[in-house]
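The values are calculated or read from the model by the stated rules, or taken from the named source; none is laboratory data. Model, not experiment: these values are computed from the prediction. Here the Cβ positions follow ideal geometry from the backbone for every residue, glycine too, while neighbour counts run over all protein chains shown.
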C-alpha cells in the first residue's frame, strides 16, 4: 500500500479541539463555522470550474473572471464571475456544472500537502476526517481496521463497500451537523484517501497535523476549501501558481449574493406574489416560476423551471404553507437557489 497509506483510527477524541474552536451554527455563517478559529491567517483554495474529468481541460476561476470581465475579488462567490449582469458575447470557458463542492481537486490536494508538510513538526502524523454521508458504491484500496501490532489490512474488490466493516461499525468523530470516519497518516495520505471514491476522487473533508499547526476544511456544500495556519504558510499557499487561492478572514461570511442577482430575485419574487407566475431572463439562461397559494388544509405549491442557454433545463416543485409573508420568504429563498443554479447550466 505504500508509505502514504492511511490507517483507520478509533481515537476520535483527537478531533475534540476542532469542535471547541468552531463558531456556533446559530451565529452568522462565517469562515470559522467550517474551519477552527485561532489561526494567524486563512486562505480559500478555489475548486476548479472544470477539470479534465468533468470537461475538456482544467479551467480556473481566473479564466472565468476574464471571460465575464468581472473582478475576482477576495470575497467572490462563483456566481460573482459566472453569472454576470451583462452577456459576455461568447460561451463560458467551462461547460459543466461548475466547481465541485465538498472536495479539493486531487492534484491540488497533492500540491497543498507538499506545502503544508514544511509547516509542521509532525508531517508524518496527521489526522483526516471523511464525512460518513457519501454514498460510495465502488471499491478501492485503503487502510482498514488496525489492531495494535498488526499491519493494516486493505480491500480492493469491485462492487464492495470501500469502507471496511470495522470502520463503519467503529466510533466516529461528531462535529456540528456532520459525522466522520477518522484516519491517520502522513500529510500525503490526503491523496491516498481520495481513492475511497475511485470515480470522482473524494478528498477528506477535514485534515490537520498532530501539532495542530494548521487545519484544512472542505465543507460539503462549498466550492472551495479553507486553510488555517501561520501567516507564512498562508503566504505560501497564496503564492503557489499551481493552485488558485484567495485570502480569507475568519469573520468573512461563507456565502453571499451579489447585488444584481439579489435584484433579479426580488423582481422575480414580486411578480410571482402579485400574479402567481413570473419569468426572469439572464445572460446565463432563464427562470420561470408558478405559485399556487395554500387553501384551507391544502398545501401551496411553487414550481420552478430553469433553462440554460444551450437548451439544458430542470424543474423542481416545493410544497408551501403559511401566510403571504412566509410564502414570500420561502419563495425568495427557493428562487435565489434557482437563479444561482444557472451557473451550472
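If residue 231 passes every condition in (1) touching a strand residue (DSSP E or B) at 6+ places or on another chain (Cβ under 7 Å); (2) exposed (fewer than 14 other Cβ atoms within 10 Å of the Cβ); (3) within 30 Å of residue 287 (Cα to Cα) but one, which one does it miss?
In the conditions (1) touching a strand residue (DSSP E or B) at 6+ places or on another chain (Cβ under 7 Å); (2) exposed (fewer than 14 other Cβ atoms within 10 Å of the Cβ); (3) within 30 Å of residue 287 (Cα to Cα), residue 231 misses (3) alone.
Does the stretch 235-252 include one or more residues that are closer than 13 Å to residue 127 by Cα and touching a strand residue (DSSP E or B) at 6+ places or on another chain (Cβ under 6 Å)? Quick ask: steps written out before the conclusion?
Residues of the stretch 235-252 that are closer than 13 Å to residue 127 by Cα, as a first pass: none.
No, because not a single residue in the stretch 235-252 is closer than 13 Å to residue 127 by Cα and touching a strand residue (DSSP E or B) at 6+ places or on another chain (Cβ under 6 Å).
Let's see how each residue does on (1) modelled with pLDDT of 95 or more; (2) out of contact with any strand residue (DSSP E or B) (no Cβ under 8 Å at 6 or more places or on another chain):
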position: 148; (1), (2): no, yes
position: 151; (1), (2): no, yes
position: 161; (1), (2): no, yes
position: 165; (1), (2): no, yes
position: 170; (1), (2): no, no
position: 184; (1), (2): yes, no
position: 187; (1), (2): yes, no
position: 191; (1), (2): no, yes
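So residue 37 passes all but one of these: (1) surrounded by fewer than 20 Cβ atoms within 10 Å (Cβ to Cβ); (2) not assigned by TED's automatic domain parsing to the domain that holds residue 216. Which condition number does it fail?
Only one criterion in (1) surrounded by fewer than 20 Cβ atoms within 10 Å (Cβ to Cβ); (2) not assigned by TED's automatic domain parsing to the domain that holds residue 216 is unmet by residue 37, namely (2).
Go through (1) under 23 Å from residue 320 (Cβ atoms); (2) in contact with a strand residue (DSSP E or B) (Cβ under 8 Å, 6 or more places away or on another chain) one by one and return the number of the condition residue 257 breaks.
Unmet condition: (2).
Does the stretch 71-106 hold any residues that are farther than 23 Å from residue 195 by Cβ and outside any loop (DSSP other than H, G, I, E, B), and which are they?
78, 79, 80, 81, 82
Output the number of residues of the stretch 287-300 satisfying the condition of being farther than 16 Å from residue 269 by Cβ and touching a residue at least 12 places away in the same chain (Cβ under 8 Å). If you could, list the steps in order and put the result at the bottom.
Here is the first cut: in the stretch 287-300, the residues farther than 16 Å from residue 269 by Cβ are 294-299.
If we keep only those that are touching a residue at least 12 places away in the same chain (Cβ under 8 Å) as well, we get 294, 299.
Qualifying residue count for the region: 2.
With crowded, with 18+ Cβ neighbours inside 10 Å, over 30 Å from residue 42 (Cα atoms) and out of contact with any helix residue (DSSP H, G or I) (no Cβ under 8 Å at 6 or more places or on another chain) as the only criterion, which of 338, 331, 278 stands out? Don't jump to the end; show me each part of the working.
Numbers: 331 fails: out of contact with any helix residue (DSSP H, G or I) (no Cβ under 8 Å at 6 or more places or on another chain); 278 fails: out of contact with any helix residue (DSSP H, G or I) (no Cβ under 8 Å at 6 or more places or on another chain).
Unique residue meeting the criteria: 338.
In the list 259, 323, which residue meets the criterion of being over 25 Å from residue 222 (Cβ atoms) and exposed (fewer than 13 other Cβ atoms within 10 Å of the Cβ)? Let's see the steps before the verdict.
Values: 259 fails: over 25 Å from residue 222 (Cβ atoms).
323 is the lone residue from the list that is over 25 Å from residue 222 (Cβ atoms) and exposed (fewer than 13 other Cβ atoms within 10 Å of the Cβ).
Specify which of the listed residues (54, 32) is modelled with pLDDT under 95, buried (at least 16 other Cβ atoms within 10 Å of the Cβ) and within 18 Å of the chain's Cα centre (by Cα). Walk me through it before giving the result.
Numbers: 32 fails: modelled with pLDDT under 95.
Being modelled with pLDDT under 95, buried (at least 16 other Cβ atoms within 10 Å of the Cβ) and within 18 Å of the chain's Cα centre (by Cα) holds for just one of 54, 32, which is 54.
How many residues are modelled with pLDDT of 95 or more, in a strand (DSSP E or B), more than 25 Å from the chain's Cα centre (by Cα) and closer than 30 Å to residue 25 by Cα when one looks only at the stretch 243-300?
So the answer is 0.
Residues of the stretch 63-80 being surrounded by fewer than 20 Cβ atoms within 10 Å (Cβ to Cβ) and more than 22 Å from the chain's Cα centre (by Cα), which ones?
66, 69
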